[in-house]
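Asker: Here it is, the structure in full.
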Amino acid sequence: MSGPGLHPMATAHLPGFLPGPDGSDPLFVTVAAFTIGLIVLIGALYFTLHALPERMAHHGNSTQMQVIGILALLALFTHNHVFWIAALLVAAFRMPDFLTPLQSISDSLMAIYSRMPAAQARSEAAPPPRPASPPDLRPVEDTPKGSDTPEGGPRDV
């Protein structure tokens, strides 16, 4: 015979995933916890993958790192994958350093120039030259018709 609390038409065994008489639902709680955990795990994986170009360029120069960071943020906020691919390509290839050799050349030329006696005498005697005034750049429409020069006279050859 069935237990004292069960209805006579009820079976003796109920599956565990059904809600209990107190209103608890173990299957719902399990699925909700699994779904929340899965969303957090996928989000962490997405952000880890999204930060891959920045991790690759961590040892590069700061300008390249800034460009990669901007491209990665654009990719994150616009969901446009071409920015992420561009950031990945910029991170994969090291940009050539043009500034260091030019700075070395500049420093060497300044050292050579400072050792020249004529340069020292010239720098002490005369002030630096002023830049020339810009040429008169009037439009062509302002010239009178039938003349070679803006003043209207013949052109000196």
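The values are calculated or read from the model by the stated rules, or taken from the named source; none is laboratory data. All values derive from a computational prediction rather than experimental measurement. Every residue, glycine as well, gets a Cβ built from its backbone with ideal geometry; the counts of neighbours run over all protein chains shown. Just the protein is used for accessible areas: all its heavy atoms, side chains included, with ligands, DNA and RNA removed. Shrake-Rupley method; radii C 1.70, N 1.55, O 1.52, S 1.80 Å.
Asker: Could you identify the single residue in Gly5, Gly16 that is exposed (fewer than 10 other Cβ atoms within 10 Å of the Cβ) and in contact with a helix residue (DSSP H, G or I) (Cβ under 8 Å, 6 or more places away or on another chain)?
Answerer: Gly16
Asker: Please verify whether the stretch 105-118 includes one or more residues that are at pLDDT below 90, hydrophobic (A, V, I, L, M, F, W, C) and open to solvent by less than 80 Å² (accessible area, probe 1.4 Å).
Answerer: yes
Asker: Would you be able to say whether some residue in the stretch 139-146 is open to solvent by 70 Å² or more (accessible area, probe 1.4 Å), in contact with a helix residue (DSSP H, G or I) (Cβ under 9 Å, 6 or more places away or on another chain) and at pLDDT below 65?
Answerer: Looking for residues that are open to solvent by 70 Å² or more (accessible area, probe 1.4 Å), in contact with a helix residue (DSSP H, G or I) (Cβ under 9 Å, 6 or more places away or on another chain) and at pLDDT below 65, one finds none in the stretch 139-146, hence no.
Asker: Could I ask something else about it? Among the candidates Ala57, Ala51, Ala10, Ala86, single out the residue that is touching a residue at least 24 places away in the same chain (Cβ under 8 Å) and open to solvent by less than 60 Å² (accessible area, probe 1.4 Å).
Answerer: Ala57
Asker: Follow-up. Exactly one of (1) of a type in the set (A, V, I, L, M, F, W, C); (2) surrounded by 11 or more Cβ atoms within 10 Å (Cβ to Cβ); (3) closer than 16 Å to Ala86 by Cα is unmet by Phe28. Its number?
Answerer: Exception for Phe28: condition (3).
Asker: Looking at this structure, is Arg94 among the basic types (Lys, Arg), open to solvent by 70 Å² or more (accessible area, probe 1.4 Å) and not in a helix (DSSP H, G or I)?
Answerer: Considered against the rule, which asks whether it is among the basic types (Lys, Arg), open to solvent by 70 Å² or more (accessible area, probe 1.4 Å) and not in a helix (DSSP H, G or I), Arg94 comes out as yes.
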